[in-house]
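Worksheet for the structure shown next.
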Amino acid sequence: MAFDHRGFRVTVDTAPDASGTQWHCEATIEGIEERTRQAHIPGVELTFPRLKIDVLMAMSMVEHKAVSSIDEWHTAH
């Protein structure tokens, strides 16, 4: 899944781990506008137990952290 936020594209991937007991969620953040292309914001990686959190909730948490990182970058620049 991908969405744009304040000049950045956030791409979220979620998959079960090798044992099938946890969700591994990863968000990459890349600048898509002229003023954000040179920015480097680290991606977000989180792991959640599959029995306690469903995949949509896990994705939502990773998306929220990515949006927070972008907002922090905008505050600093």
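Values quoted throughout were computed directly from the atomic coordinates according to the rules given, and no laboratory measurement underlies them. A quick note: this is a predicted structure, and the numbers were derived from the prediction, not measured. Because the Cβ atoms are built from the backbone with ideal geometry, glycine has one as well, and the counts that use them run over all protein chains shown.
Residues of the chain were split at every exposed loop site, defined as GluC sites (Glu not before Pro) in a DSSP loop with at most 13 other C-beta atoms within 10 angstrom, and the longest piece left, sites excluded, is 35-77.
Between Ala15 and Leu56, the simple label model (points 7 Å from Cα in the Cβ direction) yields a spacing of 2.4 nm. Taking each residue as 0.36 nm, the span from Glu30 to His74 lengthens on full extension beyond its C-alpha to C-alpha distance by 14.5 nm.
Considering only the other residues whose Cβ falls under 15 Å of the Cβ of Asp13, what net charge follows from Lys and Arg at +1 and Asp and Glu at -1?
Numbers: positive: Arg9, Lys65; negative: Asp17, Glu26, Glu30, Glu45, Glu63.
That works out to -3.
Note on percent of Cα pairs over 19 Å apart: of the candidates (1) 77; (2) 26; (3) 36, the value calculated from this structure sits at (3). Helix-only arithmetic for the chain: the sum of -39500 (n - 2.57) across DSSP H runs with n ≥ 4, divided by the residue total, places the mean residue ellipticity at 222 nm at -10000 deg cm²/dmol.
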